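Quick one: structure below, then a few questions.
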Amino acid sequence: MTVSAWLKKANKLLDTCENEISIKNGSKKITMAQATTLNELQHEIGSHHGIRQVTYKEAAQSLKEMIAMVEAGQKTPPLTPG
């Protein structure tokens, strides 16, 4: 996966999490589809946690940390430039 594709997917999920947090759903569990997407993003950068339904707050924190690492170039490879 390219860096830009990964960031697009991660930012889309982060936007969803932040929206849920803004409407007071931060402590609710993310959906299984969202958990699968989060796991795919983790897998693409070599971070294997398994599929878990974390809360929106936990998912947002994890995504922010992963996005920061990717933007800093720490995850290329396994991501490809572009």
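The values are calculated or read from the model by the stated rules, or taken from the named source; none is laboratory data. Worth saying up front: this structure is predicted, and the values here are computed from it rather than measured. Backbone-built Cβ (ideal geometry, glycine too); neighbour counts: all protein chains shown.
One line per residue, one yes/no per condition, for (1) exposed (fewer than 13 other Cβ atoms within 10 Å of the Cβ); (2) part of a helix (DSSP H, G or I):
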position	(1), (2)
21	no, yes
25	no, no
33	yes, yes
38	no, yes
41	no, yes
49	yes, no
53	no, no
58	no, yes
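When both residues are 6+ apart or on different chains and their Cβ atoms are under 8 Å apart, which pairs have a first residue that lies in region 1-29 and is under 28 Å from residue 74 (Cα atoms) and touching a residue at least 40 places away in the same chain (Cβ under 8 Å), and a second that is among the acidic types (Asp, Glu) and surrounded by 15 or more Cβ atoms within 10 Å (Cβ to Cβ)?
The qualifying pairs are 1/44; 6/44.
Of all residues in region 16-40, how many are of a type in the set (D, E, K, R) and touching a strand residue (DSSP E or B) at 6+ places or on another chain (Cβ under 8 Å)?
2
Among the residues of region 38-72, write down those that are modelled with pLDDT of 95 or more and closer than 14 Å to residue 20 by Cβ.
Residues satisfying the conditions are 38, 54, 55, 56, 57, 58, 59, 60, 61, 63.
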